[in-house]
Amino acid sequence: MKKKITSVLLVIVMMILPLGIGATAIESDNYTLVSPYASVDWDTWKQYKGNLHTHSSVSDGNASFRDMIYGAYEQGFDLLGFSEHGITGKAWDQQPFIRPLYLYQVFTGNSRKPLTSEEFAAITDGSAPLENGQARGKGMFCVTGANELNAVALTMSHVNGYFLPSWFGNLNWGFENGQEAAVAAIEKLGGLSHINHPGDWLVCDGKIDKVMDPKNIKYFSEILLKYPSCLGLEAVNGFTSVTPYDRVLWDNVLMYCLPYGRNVYGFTSSDAHSVGRLDDCFNYYIMPETSMTAMRECLENGTFFGATHKVVANNIIGPKNDINMSTGKDLPLPQIGYLKVDGHRISMKVGNTGYVQWIANGKPLVRNDVNGDGVVTLDLDEFDTDGMLYVRCEVYNENGMTYSQAITLDHGNEPLEYKPDTGFKATMQKVGFVLSSTRVYVIISKLIYWIGKAINK
């Protein structure tokens with residue numbers, strides 16, 4: 001009888017135990033995952049390799065206008081846009097605007113001559129052969145209306161504008177030391193923008209502290225909150241020596257802006273000034289077709305992945321070691337075949353990869369090694385999501401990284417209302433900023449900075 005009672009009790013315990021285990025698991029918050037990729041038809045849309053931050057001899061590039069076009073064509077780009085300094089891009093068979101500032105290019109031997117109408121047609125329809133004589137089989141789309149607006153190239157206060165009329169911005173623009181004037185002007189014209197290489201503007205000099213400084217985080221965040229047409233900032237730029245920690249800054253800006261209901265997109269640009277640098281970094285634009293209309297929707301919705309052969313190590317989100325595969329040879333980068341959200345689960349199909357790093361609120365969440373069918377799933381119900389604002393992924397292999405935009409967690413809270421600080425302290429800071437943005441101040445401070453660096457060598 002004792003045995004029977006014991007057996008019955010064991011059965012009851014075994015039936016209850018799973019419930020007990022389930023009860024100790026992290027209870028899911030009442031939130032909704034909001035993905036920038038929700039509108040993507042992964043079965044029919046394509047990923048287009050493209051760069052919209054490119055320079056040539058039309059401004060301060062080290063290669064001719066034609067060489068940069070043919071170089072991108074050779075390296076498998078599907079679309080290309082020139083954002084020359086203070087010069088709005090036209091179709092490649094039209095003569096670009098000539099700025100007196102860049103007349104020195106006459107002496108470099110780098111031609112600013114545009115393509116002929118026949119060459120333009122062959123590049124855009126894919127009939128132009130590759131250097132090895134083989135047919136490429138696909139055209140390269142010409143993105144017009146892009147411009148890197150800055151007061152002078154010396155200042156680093158650079159903003160990429162898109163969908164601009166050809167007459168706009170063909171000179172210096174805005175304050176010497178700030179981005180807001182350019183962003184405001186672009187928005188007024190109905191264009192889109194993003195802030196270029198913020199770490200360069202901060203003069204990080206290999207130190208991570210400046211991208212962690214609340215004052216600097218607030219500076220960029222408030223521009224983004226004030227101007228909806230400013231979509232984000234460059235999380236990766238090919239000049240990693242002066243922009244080493246922009247991914248970390250992006251995370252910090254995300255955490256500042258998301259309580260206001262504002263997602264911030266991370267852009268990737270080679271900022272190429274030569275043919276060999278074109279392939280350093282770029283975006284995969286996910287679109288139903290290549291057209292200016294599709295491009296605008298893609299940028300506004302954030303339906304693109306960043307991809308880079310250059311990643312700077314850091315002790316906050318990683319990686320542990322630098323990756324620098326800047327070769328111009330189109331080494332295979334990790335591929336994200338799809339990224340889908342179902343409830344609190346995110347699933348991805350990846351290829352050419354070793355592992356996936358998930359980042360939430362600026363910190364590593366979990367790492368997934370990839371094997372088998374390449375399907376990686378993140379179930380957020382397995383984690384404490386209290387206070388979690390977003391999650392994003394970085395996919396790595398030995399040649400670099402491909403990363404997603406932030407997928408946000410909507411906890412049902414009413415977004416904060418952004419109100420510019422009009423207090424005395426904030427007003428004095430703005431006055432100081434305007435004064436420090438005068439041309440004389442910038443030139444003198446630059447001279448002092450360069451002299452100091454020379455002395456310390």
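Nothing in this text is a laboratory measurement; each read-out follows from the coordinates by a stated rule. Keep in mind that what you see is a predicted model, and the values were worked out from it rather than measured. We place every Cβ from the backbone using ideal geometry, glycine too, and count neighbours over all the protein chains shown.
Per the Debye formula with a single identical scatterer at each Cα and no solvent contribution, what log10 I(q)/I(0) holds for the stretch 298-371 at q = 0.23, 0.24 Å⁻¹?
Calculated log10 I(q)/I(0) at the listed q: -1.43, -1.47.
Please list the helices of the chain that count as membrane-span-like by this rule: a mean Kyte-Doolittle hydropathy of at least 0.5 together with Cα atoms stretching 30 Å or more along the helix axis, each helix being a complete DSSP H run. Before the final figure, lay out the partial values.
On the way: long enough: 2-24 (32 Å, 1.53).
Span-like helices here: 2-24.
If one computes P(r) from the Cα atoms of the stretch 44-112, what percent of pairs lie at distances over 19 Å? Write down the numbers at each step before the final one.
Working: 739 of 2346 pairs.
Everything past 19 Å amounts to 32 percent.
For the stretch 187-269, state the semi-axes of the equivalent ellipsoid (square roots of 5 times the eigenvalues of the alpha-carbon gyration tensor), sorted largest first and rounded to whole angstrom. Don't jump to the answer; show the numbers that get you there.
On the way: eigenvalues 84, 43, 20 Å².
For the stretch 187-269, the ellipsoid semi-axes come out as 20, 15, 10 Å.
With each label point set 7 Å from Cα along the Cα-Cβ vector, what nm distance links Glu289 and Asn315?
Distance between the two pseudo-spin positions: 5.3 nm.
Can you quote the Å³ per residue value for the convex hull of the Cα atoms in the chain, rounded to an integer?
Numbers: hull volume 87.8 nm³, N = 457.
Roughly 192 Å³ of hull volume per residue.
Largest first and in whole Å, give the semi-axes of the stretch 302-425's equivalent ellipsoid, each being the square root of 5 times a Cα gyration tensor eigenvalue.
On the way: eigenvalues 167, 85, 36 Å².
For the stretch 302-425, the ellipsoid semi-axes come out as 29, 21, 13 Å.
Give me the distance in nm between label points sitting 7 Å out from Cα along the Cα-to-Cβ direction at Asp330 and Glu382, one decimal.
Going from the Asp330 label point to the Glu382 one covers 3.7 nm.
Ranked by Cβ crowding within 10 angstrom, fewest neighbours first, how are Ile69, Ile444 ordered?
Values: Ile69 26, Ile444 11.
Placing the least packed residue first, the sequence is Ile444, Ile69.
Students often forget the sequence filter, so: which aspartates and glutamates lie under 19 Å Cα-Cα from Lys310 once same-chain residues fewer than 8 apart are removed?
Those aspartates and glutamates meeting the cut-off are Asp200, Asp205, Glu234, Asp246, Asp251, Asp271, Asp279, Asp280, Asp322, Asp330, Glu394, Glu398.
Rank these for me by crowding, Trp92, Trp250, Trp45, going from fewest to most other beta carbons within 10 Å. Each step should come with its number before you reach the end.
Values: Trp92 22, Trp250 28, Trp45 19.
Taking fewest neighbouring Cβ atoms as first place, the list is Trp45, Trp92, Trp250.
Once you list every other residue whose beta carbon is under 15 Å from the beta carbon of Lys320, what net charge do they have if Lys and Arg are +1 and Asp and Glu are -1?
On the way: positive: Arg247, Arg367; negative: Asp322, Glu394, Glu398.
Charge balance near Lys320 sits at -1.
Quote the relative contact order of the chain in percent (integer), defining contacts as alpha-carbon pairs under 8 Å separated by 6+ residues.
The value is 16 percent.
Please give me the summed charge of the neighbours of Thr377: other residues whose Cβ is under 12 Å from its Cβ, Lys and Arg +1, Asp and Glu -1. Mind dumping the intermediate values first?
Numbers: positive: Lys340, Arg345, Lys349; negative: Asp342, Asp373, Asp379, Asp381, Glu382.
Residues close to Thr377 contribute a combined charge of -2.
Taking the number of other C-beta atoms within 10 Å as the exposure measure, put Phe141, Phe282, Phe433, Phe163 in order starting with the fewest.
Working: Phe141 22, Phe282 33, Phe433 14, Phe163 19.
In increasing order of surrounding Cβ atoms, one gets Phe433, Phe163, Phe141, Phe282.
At most 16 other Cβ atoms within 10 Å plus a DSSP loop assignment makes a site exposed; report the longest stretch of the chain without any exposed GluC sites (Glu not before Pro). Kindly include the intermediate steps, with their values, before the conclusion.
On the way: sites that count: Glu27, Glu131, Glu289, Glu398, Glu417.
No qualifying site falls inside 132-288, the longest such stretch.
Lys and Arg at +1, Asp and Glu at -1: add these up for the other residues within a Cβ distance under 14 Å of Val248 and post the number. Walk me through the intermediate numbers first.
Numbers: positive: Lys207, Lys210, Arg247, Lys363, Arg392; negative: Asp209, Asp213, Glu234, Asp246, Asp251, Glu394.
Once all neighbours under 14 Å are counted, the net charge is -1.
Kindly flag which residue pairs out of Lys49/Lys340; Lys320/Lys363; Lys46/Lys90; Lys218/Lys430; Lys226/Lys419; Lys226/Lys430 have an alpha-carbon separation exceeding 18 Å in this structure. Intermediate results must be reported in sequence, preceding the final value.
Numbers: Lys49/Lys340 21 Å; Lys320/Lys363 14 Å; Lys46/Lys90 25 Å; Lys218/Lys430 13 Å; Lys226/Lys419 9 Å; Lys226/Lys430 15 Å.
Violating the 18 Å Cα-Cα cut-off are Lys49/Lys340; Lys46/Lys90.
As a test of the formula, what do you get for the chain when each DSSP H run with n ≥ 4 contributes -39,500 (n - 2.57) and the sum is divided by the residue count, at 222 nm and rounded to the nearest 500 deg cm²/dmol? Don't skip to the answer; put the middle values down first.
Details: 11 runs with 126 residues, N = 457.
That calculation yields -8500 deg cm²/dmol at 222 nm.
Can you tell me how much longer the chain between Asp342 and Thr427 gets when fully stretched, taken as 0.36 nm per residue apart minus their C-alpha distance, in nm with one decimal?
Values: separation 85, 0.36 × 85 = 30.60 nm, distance 4.61 nm.
Result: 26.0 nm gained on full extension.
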